[in-house]
Amino acid sequence: MAEIHPFRAYRYDTQRVALNDVLTQPYDKITPAMQEQYYAASPYNLIAIEKGKANASDTPKNNVYTRAAAKFEEWIGEEILVQDAAPSIYLYAQEYVVPRGEAQRTRIGFIVLGRIEDYDAQVVFRHEHTHTAPKADRMELLRHMKAQTGQLFMLYDDASRKIEGWLEEIARKNQPTEMRDEYHVTHRLWPVADAEVIRKIEAALADQKLVIADGHHRYETALNFRNENREKDATHGRDAAYEFAMMTLINSHSKGLTILPTHRLVSGIRGFDFERFRKNVSEYFDWYSYPFRDLEERLGALDEFRRDFEGATHKRRGIGIYSGFLGAGANAFYLFLLKRDVDLGQVLPDLSEAQRGLDVVLLHRVMLENGLGITAEAVESEKFISYEREIEKAIAAADRGEAQMACLLNPVRVEQVMEIALSGGVLPQKSTDFYPKLLSGETIYRIEGTGRSRAKGDSN
């Protein structure tokens, strides 16, 4: 089952730099504007490593990957990045407010090295498929740097929450390093070198299976890197450094877990007709409208729609639809509720019962396929569908005419993610958005050497 170990992480020396100036969001969440902001924040910002700038004059010997590797070694040499003295696990807590909410939550986990496992070993499970391009980019960076700066977000199953209890007790008694990011999330980190605590946590995880919550591309990159190094290293053993990956483990029963929905925007449908769409899906859905005549009335209509959408749909599964101010179907929010007599086993016989229970599956396979003819192949090739996390931005896109229709979803539940993943299934693309993200650069795992002691982080 899951095998974890402490390690000697490289971390920023907070006597030399402020964490707020140097840590970044994960590479795949960094926009061009954020990249510029990070570069401006500090010459030691992780962006130069995590997602550096490509130049038109780049060559095989001087490019974004070689520069990242050189910068990494430079910062170690300058002692901007310093390796911890003792192998440790790292408690990692994030205090945040859910977007559009008021309640404050704390999500606590711990950073360790985890053994990289093939999926067919049934120790590590994915919940979505990956794409080639992001893995190729991360692979080149890993080959040159031989270090992992970003976190794999892994879920384990501990209904008793005993491990979280241990973590919370340690956090209460010790002083963390701390920073607040651009999304107003407070990040705290506590290194723990106590051998007894580490053994206790290792033992508690020994019978666990792990589900990738976030970081599928990074995990599969680590898996490919491991396989590549196995071929090069005829004497490799189970404890070679490349057999492990840095990961943050969080309990699937944590009260601090939040999954946000990712809404869909439909565009580019030739001859789009809302009334025809509504008629096409009437076999499967009842619908209710929340009309308005002007912006003032729209506020009330939206509030009423959201109350029903986020509340009543727990009794009957529903999807929200909005097509903006102009055209047929406009000037109203619509709530489409699955009819009580629809047998999804007959409609979607190729999917498991758990997969049929996902609203995002209901949207794509029943509503968009039957209502607009948008096939799974079209979605995979990025035709007709784009994505938006914030409901207000999705609605605004429809108002501006950038989307013919905004499809609004409630979030997937973590229980659904765990059930589907552990049964060997996957969720549709962009079904889950675990919030907040794990920062890159909190800890760095330098992949070097072979032998059990090196993999566990003892000095070279």
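Odds and ends about this structure:
- Residues of segment 160-193 satisfying the condition of being touching a strand residue (DSSP E or B) at 6+ places or on another chain (Cβ under 9 Å), assigned to a loop (DSSP other than H, G, I, E, B) and not hydroxyl-bearing (Ser, Thr, Tyr): 161, 174, 175, 176, 181, 184, 185, 193
- Contact map, segment 54-76: residues that are assigned by TED's automatic domain parsing to the domain that holds residue 139 paired with residues that are not in a helix (DSSP H, G or I), Cβ distance under 6 Å, separation 6+ or inter-chain. Pairs shown: 64/52; 64/54; 67/52; 68/52; 75/81.
- Residue 332 vs. criteria in contact (Cβ under 8 Å) with a residue 12 or more places away in the chain, surrounded by fewer than 20 Cβ atoms within 10 Å (Cβ to Cβ), within 14 Å of residue 426 (Cα to Cα) and of a type in the set (A, V, I, L, M, F, W, C): no
- Scope segment 212-267; condition among the β-branched types (Val, Ile, Thr) and either within 20 Å of the chain's Cα centre (by Cα) or at positive phi (or both); matching residues: 212, 221, 248, 250, 258, 259, 262
- Output for segment 337-354, where each listed residue is assigned to a helix (DSSP H, G or I) and over 21 Å from residue 320 (Cβ atoms): 345, 346, 353, 354
- The sole residue among 379, 366 that is assigned by TED's automatic domain parsing to the domain that holds residue 310, modelled with pLDDT under 95, surrounded by 17 or more Cβ atoms within 10 Å (Cβ to Cβ) and in a helix (DSSP H, G or I) is 379.
- Assessment of segment 173-189 against the conditions (under 17 Å from residue 6 (Cα atoms), in contact (Cβ under 8 Å) with a residue 40 or more places away in the chain and out of contact with any Gly (no Cβ under 9 Å at 6 or more places or on another chain)) yields at least one matching residue.
- Residues that are at pLDDT below 95 and among the acidic types (Asp, Glu) were ranked within segment 393-431; the one that is nearest to residue 308 (Cα to Cα) is 399.
- Flag: residue 224 does not match the condition of being touching a Lys or Arg at 6+ places or on another chain (Cβ under 9 Å) and closer than 30 Å to residue 169 by Cα.
- When 52, 77, 101 are checked against the criterion of being over 17 Å from residue 439 (Cβ atoms) and surrounded by 15 or more Cβ atoms within 10 Å (Cβ to Cβ), a single residue qualifies: 52.
- Verdict on residue 304 being assigned by TED's automatic domain parsing to the domain that holds residue 392, outside any strand (DSSP E or B), closer than 18 Å to residue 432 by Cα and under 33 Å from the mean Cα position of the chain (by Cα): no
- Residue in segment 127-139 that is in contact with a strand residue (DSSP E or B) (Cβ under 6 Å, 6 or more places away or on another chain), more than 18 Å from residue 29 (Cα to Cα) and either among the small types (Gly, Ala, Ser) or not in a strand (DSSP E or B) (or both) present: no
- Segment 12-39, subset under 23 Å from the mean Cα position of the chain (by Cα) and among the hydrophobic types (A, V, I, L, M, F, W, C), residue surrounded by the fewest Cβ atoms within 10 Å (Cβ to Cβ): 33
- Residue in segment 138-148 that is assigned by TED's automatic domain parsing to the domain that holds residue 50, within 20 Å of the chain's Cα centre (by Cα), closer than 20 Å to residue 252 by Cα and crowded, with 16+ Cβ neighbours inside 10 Å present: no
- Selection status of residue 159, closer than 28 Å to residue 421 by Cβ, surrounded by fewer than 18 Cβ atoms within 10 Å (Cβ to Cβ), touching a residue at least 24 places away in the same chain (Cβ under 8 Å) and not polar (S, T, N, Q): yes
- Condition check for residue 384: under 28 Å from residue 133 (Cα atoms), crowded, with 18+ Cβ neighbours inside 10 Å and of a type in the set (A, V, I, L, M, F, W, C): yes
The values are calculated or read from the model by the stated rules, or taken from the named source; none is laboratory data. These numbers come from a predicted model, not from an experiment. Using ideal geometry, Cβ is built from the backbone for each residue, glycine included, and neighbour counts are taken over all protein chains shown.
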